[in-house]
Amino acid sequence: MAGMRIGVAIVGVVFAALAASASAQPDGALEWRAFRSFTSADGLPQNSVLALLQDADGYVYAGTNHGLARYDGRSWQAVELPTGERAYAVGALAQARDGALWIGTDAVGAWRVVGGVASAVPLAGAEEINAFWEAPDGRLWVAASGGLFRCRADHCERIDALADAGARGLYGEAVDGVWRLWVGTNLEGVIQIEGIDEATPHRTGIAFDRAHGLPNNVGLSILRHAGDLWIGSGRGLARWDGHQLESWTATRGLPNAMVFAMQSDVDEQGRPVLYVGLRPGGLLEIRADGVWRLVDSQHGLPSNAVASLMRERHRGALWIGTMSAGVARVERHRWALFDERMGLPDRIVLGVGWSAPSRMLWVGTASGAARWSDGRFVPLLPPARNTELVYDLVDAPDGSRWIAHRAGLQRWRGDALELDFTVDNSALPAVSADRLALRRLAGGDFELYAASGHGLARWRADDGLRRIENVPGLVPGGAVPNLVAAPEPGGSGEDRLWAATDTGLTRLDRDGWHVVSAPCLDGLAPFALDVEDGGARTWVASRNGLRRLDADGRCVAYPAARALGALTRVRVVGDEVYVFGARGVMSLRRDGDGDQAGRVYGPEAGLASPEIGAVAVDDRGRVFGATAAGLAALRPQADAPAPPAPLRLLDARHGSALRPLAVGAQLSPDDSSVRFDYGLFAFDREYATRYRVRLFGLDDAFGPWSAETGVTYPRLPPGRYRLQVEARDADGVDAAPIDFAFGVDAHWWQRAWALAAAALLLLAIGLGIGRWRLRAASRRAQALEAEVALRTGELAAANARLEQAAVTDPLTGLKNRRYFALAGHAEAERARRASPARALLVVLLDVDHFKRINDDCGHDAGDAVLVEIARRLLRVARAGDIVLRWGGEEFLLLLRDVERDAADELLVRLLAELSSAPVLAGTHRLVVTASIGAIAFPPAEPPALDLEHAIARADAALYRAKREGRDRAMRVDARHGEGTPPCVCATRAARA
């Protein structure tokens, strides 16, 4: 299909910050959308998604440049057409009212699928298929490069009203009770056809082309939205209000782009909104008042070219088909990530805050601090100071700005630095100031507190900076991880101050410092706290869990928060409490009981780096977190009432051959194993969907809720059975259950007549006194055989364990070098049989400075590092990939079926995963990196290599990575010798 064959570049999608031009969004407000991304790594045949469709059963179809795939809420599966070996792209999809799925391709015509059986539609001369539209009479209109056609299942006719122009877009509508069809063409713009149910449809007098104001004469897409007709052309967008055609192109600040897709929708307030896919350009959102916003690749959309759009039926989510990065889906309760692409100085975020007096969001990164202003991030400090590592910021009532940073404490007024306190020239207790809190005093005065890892300091206008001594609960030189100021009760205008210390919690009020004591806080060293209503409730987070202390002394524990590991922060946001820990984030109902489960946010919810070190909440209740992968951002949203999504039984099989199982089937007793697969079609945060099952006739009680989407029952005994499956979506809405009845027949000897005959036979045998000796001898022989069988089985099991131990590394549990000797040849042969576009990626990895870890921290720490490295490698590896401990601190990875063009990106992911978080080894927190050498096997070009020589080349690349500075990957090809092969490098900078 011309224009469809686009190179693939897989891009991870984490957010969209919606920034528009001055005319579109004058206030420059910070807005974003969060996306979940589906690519070829998730089962799509290819990452150019030209068409999207949801059928009547709820399945989502994606037409790509290399075929069709279907999504069932669990995974994408390819849908193959019987075209032999002919490759094809799928650029059009439709479902007719009779349930048939119509598929339009670029090379093999149109197809119709009914009951899973595909048949070609007789459509001579159509060439590539661009669009479908079903008329009220059930006939399907087909827009093709070869013209316009009208089809039934077994017959198509060419419509001559289009003359020689190819057809691109279709849109039908009834006007005054008469159906008319808008047709976008390749040469004549957009025309209108009437008489669509007549033998000879004909044009009306209405047409749009460049002479009327259409951006160009190619009509790619057409849609009626909010009363107006919108036309997507090959050079932009146009709107016809019934009287005038208005161009939406570069004159409005929009890119000149092809418009292949439009989707009508409503926003959260129920107002009409039009989504437009631009290629190139991204996703355009046009509100009813004419304000537009553009989401493009610079703002986080996976690809700058959008080819298809779809509004999902059950939850209303927008699905976006891109030309190089698969499908992006807008998702609620998902974190977005801001990084260098959006203007931050660095993706490693050290601090974040919201200044209410100046209504400013600021972000401190490893390369300096920034603030959001007029639609973009700009430096927080003047150029001479803009690389300061800023941890906290407070805007004071007198117009000054206080900044806590790596080297001390500063006071600024505008761009002028007024005070610069360091540990050398002041009473600061430590080199860095970590946290700040401003406490209002009587008469409009204030004092500023600076917390550090070695104590607390206070600044007053009449007293300067002083170190605070003799604070109850704070040992000399002890750390103060967190400070919170909150109004004194009674509306006096003064504040109280809470401080989290190494030993507990302490509070400052008019009467001085006091230890906050409660039985549930004994022995609890808080990391963080938050305060409601001047102290009516105090939330305390620590490595030992979460507590809520009420003013009346009641203390509530929240055990669910322990799932996050050591807690780092806690914030009250509206009716919810957000708890932050080493393993992610949890939201709890503020007024809920301590036994609530909470909503957990982890990597599946967009948190590429789950641990958040600092938190801010803006005046709209939006949450921002500092992570090692960027600034995380979440828009808390109330769970809108939604009807239950459909729960589907995807497959039912029985027997060792897994033959299809029909409802009401009666199974043979020798074929009584059954397998069921099911899925909930909510298509929203699938990772949080839960299922439970029971099988009446075997166990009438439900099993526990789990994420499993299938169940197997082996060798069921005779009887009648009824399977029942229940599902609960991410919002806690239960779906209507599935019921599936079937039965298992009894063996002939288990039936009543056989049992009666057996009883008579036993009675007759019992009358023969001589038979008892034979039975006794038989029993003794059976016992001896059983014991021999038992010993034989034990010996076989022991041998199997020995064989497994011989190929397993005892420290990491990975396969070892002996396993490679046994399996390497077969793996090489498999790689040689694979598609030329894919390869076995051979990766040799060596832990950097491992000897230093052993020398400085001990061999136990070294062992812990190796175990953790193994765990992280397995987290990146897919099913079928082989991860081995090659020897010492070296690891070998054999990654199957890697797209050659995606190899470097995979190496970058490996490096990022290995250094994603410090390794905990006893009391040590070790930052571990590795050097990588890699080669794609077999080589794409001569000379040929065997797998052992490929590993040798990877080893040479590894040592070159060491020489080049470590913490990087180098990929070598096979066209050069082992001296200095050209390499592709993936360094820390590249990962950033």
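A few comments on the model shown:
- At a probe radius of 1.4 angstrom, the accessible area of the chain per residue rounds to 44 square angstrom.
- Rotationally averaged projected area of the range 161-209 (alpha carbon convex hull; nm²): 3.4
- The convex hull around the C-alpha trace of the range 756-913, projected and averaged over every direction, spans 17.5 square nanometres.
- Expressed as a fraction of 2.2 N^0.38 Å, the value expected for a compact globular protein of N residues, the C-alpha radius of gyration of the range 270-362 is 1.28.
- Cα Rg over Rh - the range 899-979, Kirkwood: 1.07
- Both the radius of gyration and Dmax for the range 647-796 are 22.7, 74 Å, in that order, over alpha-carbon atoms.
- Centre-to-centre separation between the Cα atoms of the range 902-981 and those of the range 485-510: 53 Å.
- Over the range 197-238, equivalent-ellipsoid semi-axes from the Cα gyration tensor in Å: 21, 14, 10
- Dimensionless Rg/Rh of the range 35-183 - Kirkwood Rh, Rg from C-alpha atoms: 0.97
- Remark: relative contact order (the range 812-964) = 33 percent; criterion is Cα-Cα distance under 8 angstrom and separation of 6 or more residues.
- Bins of 10 Å, starting at 0 and running to the largest distance - Cα pair percent for the range 207-302: 17, 52, 28, 3
- Between the range 310-360 and the range 139-215, the Cα center-to-center distance that results, in Å: 40
- Percent of alpha-carbon pairs separated by more than 15 Å within the range 683-758: 63
- Among the protein heavy atoms, those of residue 739 account for about 80 Å² of accessible surface (1.4 Å probe, every chain in place).
- Fraction of accessible area attributable to carbon and sulfur, the range 441-529 (%, probe 1.4 Å): 48
- Residue-span extension gain [residue 155 to residue 460] - 0.36 nm each, minus C-alpha spacing: 101.0 nm
- Hydrodynamic analysis of the range 383-443 uses the Kirkwood radius over alpha carbon pairs. Inserted into Stokes-Einstein at 20 °C and 1.002 mPa s, it gives a translational diffusion coefficient of 176 µm²/s.
- Each part reduced to its alpha carbon centroid, the range 515-564 and the range 802-821 end up 47 Å apart.
- With every protein chain in place, the range 198-272: carbon and sulfur % of accessible area (1.4 Å): 48
- Relative intensity of the range 592-727 on a log10 scale, I(q)/I(0) at q = 0.11, 0.12 Å⁻¹, equals -0.61, -0.68, per a Debye sum over C-alpha point scatterers of equal strength in the absence of solvent.
- Taking 0.36 nm per residue of separation and subtracting the current Cα-Cα distance, fully stretching the chain between residue 741 and residue 117 would add 222.0 nm.
- In the context of the full protein assembly, residue 198 retains an accessible surface of approximately 90 Å², using a probe radius of 1.4 Å and ignoring ligands and nucleic acids.
- Reported label for calculated log10 I(q)/I(0) by the Debye sum over Cα atoms at q = 0.05, 0.07, 0.09 Å⁻¹ given (i) -0.35, -0.65, -1.01; (ii) -0.36, -0.72, -1.18; (iii) -0.41, -0.79, -1.19: (iii)
- In terms of packing, defined here as the mean over residues of other Cβ atoms within 10 angstrom, the peptides 496-502, 831-837, 397-403 line up highest first as 496-502, 397-403, 831-837.
- For the chain, the Cβ-based charge dipole about the Cα centre amounts to some 2160 debye (Lys, Arg positive; Asp, Glu negative; other atoms uncharged).
- log10 of Debye I(q)/I(0), alpha-carbon scatterers only, for the range 411-566 at 0.13, 0.14, 0.17, 0.18 Å⁻¹: -0.63, -0.72, -1.01, -1.11
- Taking the empirical scaling 2.2 N^0.38 Å for compact globular proteins as reference, the range 847-932 has a Cα radius of gyration ratio of 1.13.
- Heavy-atom accessible surface of the range 381-438: percent carbon and sulfur, 1.4 Å: 50
- Only protein heavy atoms count here; on that basis, with a 1.4 Å probe, residue 373 has an accessible area of about 30 Å².
The values are calculated or read from the model by the stated rules, or taken from the named source; none is laboratory data. No experiment lies behind these values; they were computed from the predicted model shown. Cβ atoms come from the backbone with ideal geometry, glycine included; neighbour counts cover every protein chain shown. Surface areas here come from the heavy atoms of the whole protein model, side chains and all, with no ligands, DNA or RNA. Shrake-Rupley method; radii C 1.70, N 1.55, O 1.52, S 1.80 Å.
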